[in-house]
1. From Cα pairs below 8 angstrom and at least 6 apart in sequence, can you work out the relative contact order of the stretch 21-75, rounded to a whole percent?
2. Among the trypsin sites (Lys or Arg not before Pro) within the stretch 31-76, which fall in a DSSP loop and have no more than 12 other Cβ atoms within 10 Å of their own Cβ?
3. Would you kindly derive the ³J(HN,Hα) couplings of the stretch 50-55 from the backbone phi angles with the Karplus curve 6.51 cos²θ - 1.76 cosθ + 1.60 (θ = phi - 60°), listing them in order in whole Hz, with x for Gly and Pro?
4. Under 20 Å from the Cα of residue 70, which lysines turn up, not counting those fewer than eight places away in the same chain?
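Where a number appears in this text, it was derived from the coordinates with a stated rule and is not lab data. Owing to the predicted nature of the structure, the values given are computational and were not obtained by experimental measurement. Quick reminder, even Gly has a Cβ in these numbers, built from the backbone with ideal geometry, and neighbours come from all protein chains shown.
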Amino acid sequence: MDRCIKTICAIALLLQAACVAGACTDFQIKAEDGTVIIASANEYAMDAHSQIMFEPALKRFTTNAPEGKKGISCES
C-alpha cells in the first residue's frame with residue numbers, strides 16, 4: 001500500500017511538472033513627478049500575439065449585454 005501511494009504521488013508530480021501554466025503579473029510604477037503607470041505582464045509559454053494598449057485616466061469602459069441591454073461599466 002505504501003509503495004502504491006508513493007508511485008501515485010511520483011506520477012502526479014511528473015504530470016504537474018509537464019503542464020504548461022500561464023500567469024499574469026500586475027505592477028505599478030510611480031515616476032518622480034507623481035505620474036502612476038499601472039500595467040499587466042502576461043507570461044505564456046507561447047506567442048499570444050499581444051499588443052500594447054494605452055488608455056487615458058478616467059476613460060469609461062462598458063461591456064455589451066444580450067438583447068441590447070447596458071452591460072457592466074467601469075472607469076480607469
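1. On the way: 54 pairs, mean separation 13.3, N = 55.
Relative contact order, the stretch 21-75: 24 percent.
2. Working: sites: 59, 60, 69, 70; in loops: 59, 69.
Those satisfying the criteria are 59, 69.
3. Ordered by residue, 3J(HN,Hα) equals 6, 10, 6, 10, 10, 10 Hz.
4. Reachable lysines: 59.
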